[in-house]
Structure formats: C-alpha cells, structure tokens
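Just so you know, all these numbers are worked out from the coordinates, no wet-lab data involved. Since the structure is predicted, the reported quantities are computational estimates derived from the model, not experimental observations. Positions of Cβ are backbone-derived with ideal geometry, glycine not excepted, and every protein chain shown enters the neighbour counts.
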Amino acid sequence: MQWLRGPSHPRASLDSLPTEILFKIFAEFQAEDLCALSCVNSTLHQVSDDDHLWAPLCHSSWRSTEEFR
C-alpha cells in the first residue's frame, strides 16, 4: 500500500470534499453521528452544525417543533 502514498496518489480526506457533497452525505446521518463529526475538525464542525441538517432530526424527534418551519 505504500505505493498509494506517492505524489501521483495524494491522500483524500472527507473535509476535502465540496461542502455541497458533505451536506448530502451528512443528511443521511443520525444526531450522534453529526455530533461526532463536529469534533473532528473545524471544517466538519461548521458543516455538521448547519440548521438544515438538524431541523429534520429535531422535527422527527419533537413533533411540536414543526410549527417553527
């Protein structure tokens, strides 16, 4: 596997993906997953803290929050 680390094969990381892609991926996660991701680094924290990701989770857990949509 050492040959994958050469200059022609740079390492990919989750936070190197475009924000739009991260939102699509993170939208599939549960609250616990978003909380864990927010602890990884500042980029993932910023993305995982977005209200558009949390609103569906909150609405599914607390139906009374639907009136605030």
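Data overview
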{"quantity": "Given charges at beta-carbon only (K, R positive; D, E negative), |dipole| of segment 7-63 in Debye", "calculated": "100 debye"}
{"quantity": "In sequence order, calculated HN-Hα J values of segment 36-51 (Karplus, 6.51, -1.76, 1.60; Hz; x Gly/Pro)", "calculated": "5, 4, 5, 8, 6, 6, 5, 5, 5, 5, 4, 5, 6, 8, 5, 4"}
{"quantity": "Estimated distance in nm for a label pair at Cys58 and Ile25, the labels positioned 7 Å out from Cα along Cα-to-Cβ", "calculated": "2.5 nm"}
